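Asker: Sharing a structure with you now.
The values are calculated or read from the model by the stated rules, or taken from the named source; none is laboratory data. All values derive from a computational prediction rather than experimental measurement. When we count neighbours, we look across all protein chains shown, and the Cβ atoms used for this are built from the backbone with ideal geometry, even at glycine.
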Amino acid sequence: MDKKSPKSKKLKKLVIIGIGLGILLFSGIASQAQKATINVLSVQDPFYFALEKAIPQFEKETGIKVNLQGLAYDALHAKLITSFVGKAKGVDVVTVDQMWLSQYAENRWIIPLTPYIKKDKEDVRMDEFIPEVIYSMNEWRGDIYTLPVATYGQFVMYRTDLLKKTGLQTPPTRPATWWTWDKYMEYIEKFDELGKKIYGTVICGAQPVPIVHMYTQLAVSKGVHWFKQFPKAPWDFTPTINTKENVEALKYYKELYQHSPEEAINYIWFDAGTAFAKKDIGMFYWWTPYGYLIRQAGYMVKEPSPVVGKYDIALLPHQPGVPQTYSLGGWSLGIPTYSGYKEEAWEFIKWATSRKIQKMMALTPIYQFDDFAREPLFRDEDCIRLYPWLPTQFYTLKKGNGKITRPPIPIYTTLEGFYGLQLNMAVAGLKSPEAALADAESQFKLVLKQNFYIPYEVASYDDTLENTIKLIKELSP
């Protein structure tokens, strides 16, 4: 074809225009990414501080600016609800307590991440996540709504120096038939006998939320469920908390308080950990982050606590004849429906929950993060060197079931408020365990009926671990 022909000139002109449009389009996308600032609302749990230090790397890699705002637990929940109800566009990534997930999903306040994961299977690597974690924290009615940024199980922490004085056997890091709740109480009593200034244990007694977090681990381990049938279909929300098993569990918890500091009736989460780190307390069970938190003299401070080198970690006791179940909780990242930067928010979530960044957070001084959800990190030698109990922690997650321990239905927060109040009153001696649980169940029934859970006429979802495993496989490369 003649290069000087009109046809040739026209084609050349079109090519130049096409290249120009391509450059403009690319520069426009790049400019949008460079100018985008996403607002991230987070609770100030330990992961927040490690993540905060890693964010400059994300900004450098992507050109996306991050405005990370930390809030206390109740303040975060209140701010999120206000933002969602007001359809505010100023929030792009939110940290979601697993207990809030169903409420947020049912109200369409956050979007499903399933389509995003399908698009980026190779980046997300769903097959690395522990299935029990995704099941407990991130899945609702067959969709993935969030990805875990910090995952907690529960285990036992004990003073090795005090244990040596008792002459008792070392608590196990692998399942052992002899390590029962009755045996655990024997250990508590032995620690108590060591002296007036030594406490056998410490509980979390404040209502409504903290006491529920600690108590429900004991209760589920003894076979207590909240409802007649949930999460397996068909759902039946007839409450089952006023049972012989739960009465016995509450009496046991009250006995634990008798071996705790008197002020423990008002202890919130960190108070219990601080007491173990600063007082002479023999043994207690609590969320797994306290494995590293008790190494410091205070929350996120550099100074070591007095118990450094004097404590170790073990599995929870079990109830003979009852399949062991661990409480599983933590925080995940999701995208609000009204975010104006959903793609940028997704890039941040992929990055923050990736194996690379989670390891970076773990290796960040002062080494206050090991709350992994990805299985390979529990075998990582660098991480195990800093957090030697990781194999035990991994076991607690593999045996975890957050949907049984604290069922995350949309009105969970209301039920938890009634439950926590009654538990606190029983432990404080203001009511008998029998009366407290009877009152709690009556309140449960009233709220469940008012919110149309009794009878439950909405379609159920067969929410089993097996179905979540199938979903994970579908979303894996």
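Asker: Does any residue of the range 195-205 turn out to be modelled with pLDDT of 95 or more, farther than 30 Å from L421 by Cβ and not hydroxyl-bearing (S, T, Y)?
Answerer: Yes, the range 195-205 contains at least one residue that is modelled with pLDDT of 95 or more, farther than 30 Å from L421 by Cβ and not hydroxyl-bearing (S, T, Y).
Asker: Could I ask something else about it? Of the residues V133, V66, V91, only one is of a type outside the set (K, R) and assigned to a strand (DSSP E or B); which?
Answerer: Within the list V133, V66, V91, the selection yields V66.
Asker: Restricting attention to the range 458-471, and to residues there that are among the charged types (D, E, K, R) and not in a helix (DSSP H, G or I), which single residue is surrounded by the fewest Cβ atoms within 10 Å (Cβ to Cβ)?
Answerer: In this case the residue turns out to be D462.
Asker: Just wondering, is there one or more residues in the range 448-457 that are surrounded by fewer than 16 Cβ atoms within 10 Å (Cβ to Cβ) and touching a Lys or Arg at 6+ places or on another chain (Cβ under 6 Å)?
Answerer: No, the range 448-457 contains no residue that is surrounded by fewer than 16 Cβ atoms within 10 Å (Cβ to Cβ) and touching a Lys or Arg at 6+ places or on another chain (Cβ under 6 Å).
Asker: Another question, then. Give all pairs with beta carbons closer than 6 Å in which a residue from the range 224-243 that is small (G, A, S) meets a residue that is not in a strand (DSSP E or B); count only pairs at least 6 apart in sequence or on separate chains.
Answerer: If the second residue must be not in a strand (DSSP E or B), the pairs left are A233/S460; A233/D462.
Asker: Is there a residue in the range 159-173 that is basic (K, R), surrounded by fewer than 16 Cβ atoms within 10 Å (Cβ to Cβ), within 30 Å of the chain's Cα centre (by Cα) and at pLDDT 95 or above?
Answerer: No, the range 159-173 contains no residue that is basic (K, R), surrounded by fewer than 16 Cβ atoms within 10 Å (Cβ to Cβ), within 30 Å of the chain's Cα centre (by Cα) and at pLDDT 95 or above.
Asker: Somewhere in the range 386-395, is a residue over 23 Å from the mean Cα position of the chain (by Cα) and either under 30 Å from P261 (Cα atoms) or outside the structural domain of G223 (by TED's automatic domain parsing) (or both)?
Answerer: No, because not a single residue in the range 386-395 is over 23 Å from the mean Cα position of the chain (by Cα) and either under 30 Å from P261 (Cα atoms) or outside the structural domain of G223 (by TED's automatic domain parsing) (or both).
Asker: Then there is this: Which residue out of Y184, Y199 is over 25 Å from the mean Cα position of the chain (by Cα), assigned by TED's automatic domain parsing to the domain that holds Y292 and closer than 14 Å to A314 by Cβ?
Answerer: Unique residue meeting the criteria: Y184.
Asker: Looking at (1) part of a strand (DSSP E or B); (2) within 20 Å of F276 (Cα to Cα), which one does D161 not meet, given that it meets all the others?
Answerer: (1)
Asker: Would you mind finding the one in K278, K342 that is outside the structural domain of I130 (by TED's automatic domain parsing) and basic (K, R)?
Answerer: Being outside the structural domain of I130 (by TED's automatic domain parsing) and basic (K, R) holds for just one of K278, K342, which is K278.
Asker: Any chance you could count how many residues in the range 117-130 are among the basic types (K, R) and part of a loop (DSSP other than H, G, I, E, B)?
Answerer: 1
Asker: Something else now. Name the residue that is surrounded by the fewest Cβ atoms within 10 Å (Cβ to Cβ), counting only residues in the range 249-265 that are free of Cβ contacts under 8 Å to residues at least 40 places away in the same chain and over 30 Å from Q450 (Cβ atoms).
Answerer: Step by step, filter the range 249-265, then rank; the result is E262.
Asker: Pairs please, first residue from the range 451-477 and touching a residue at least 40 places away in the same chain (Cβ under 8 Å), second anywhere and of a type in the set (S, T, Y), Cβ atoms under 6 Å, 6+ apart in sequence or on different chains.
Answerer: Pairs found: L465/Y135; T468/Y135.
Asker: Mind checking which pairs have a first residue in the range 374-387 that is touching a residue at least 40 places away in the same chain (Cβ under 8 Å) and a second that is aliphatic (A, V, I, L, M) and surrounded by 13 or more Cβ atoms within 10 Å (Cβ to Cβ), Cβ under 7 Å, 6 or more apart or different chains?
Answerer: E375/I130
Asker: Separate question: Which of the residues that make up the range 236-247 are over 17 Å from G420 (Cα atoms) and either outside the structural domain of G205 (by TED's automatic domain parsing) or in a helix (DSSP H, G or I) (or both)?
Answerer: Answer for the range 236-247, where residues must be over 17 Å from G420 (Cα atoms) and either outside the structural domain of G205 (by TED's automatic domain parsing) or in a helix (DSSP H, G or I) (or both): K244, E245.
Asker: Let me ask something additional. Within the range 297-342, restricting attention to residues that are assigned to a loop (DSSP other than H, G, I, E, B) and charged (D, E, K, R), which residue is nearest to G70 (Cα to Cα)?
Answerer: Top of the filtered list is K302.
Asker: Looking only at residues that are β-branched (V, I, T) and within 18 Å of the chain's Cα centre (by Cα) in the range 38-79, which one is surrounded by the fewest Cβ atoms within 10 Å (Cβ to Cβ)?
Answerer: The extreme case among them is V43.
Asker: Another question, then. Does the range 281-288 contain at least one residue that is buried (at least 24 other Cβ atoms within 10 Å of the Cβ), of a type outside the set (G, A, S) and in contact with a Gly (Cβ under 6 Å, 6 or more places away or on another chain)?
Answerer: For the range 281-288, residues buried (at least 24 other Cβ atoms within 10 Å of the Cβ), of a type outside the set (G, A, S) and in contact with a Gly (Cβ under 6 Å, 6 or more places away or on another chain): present.
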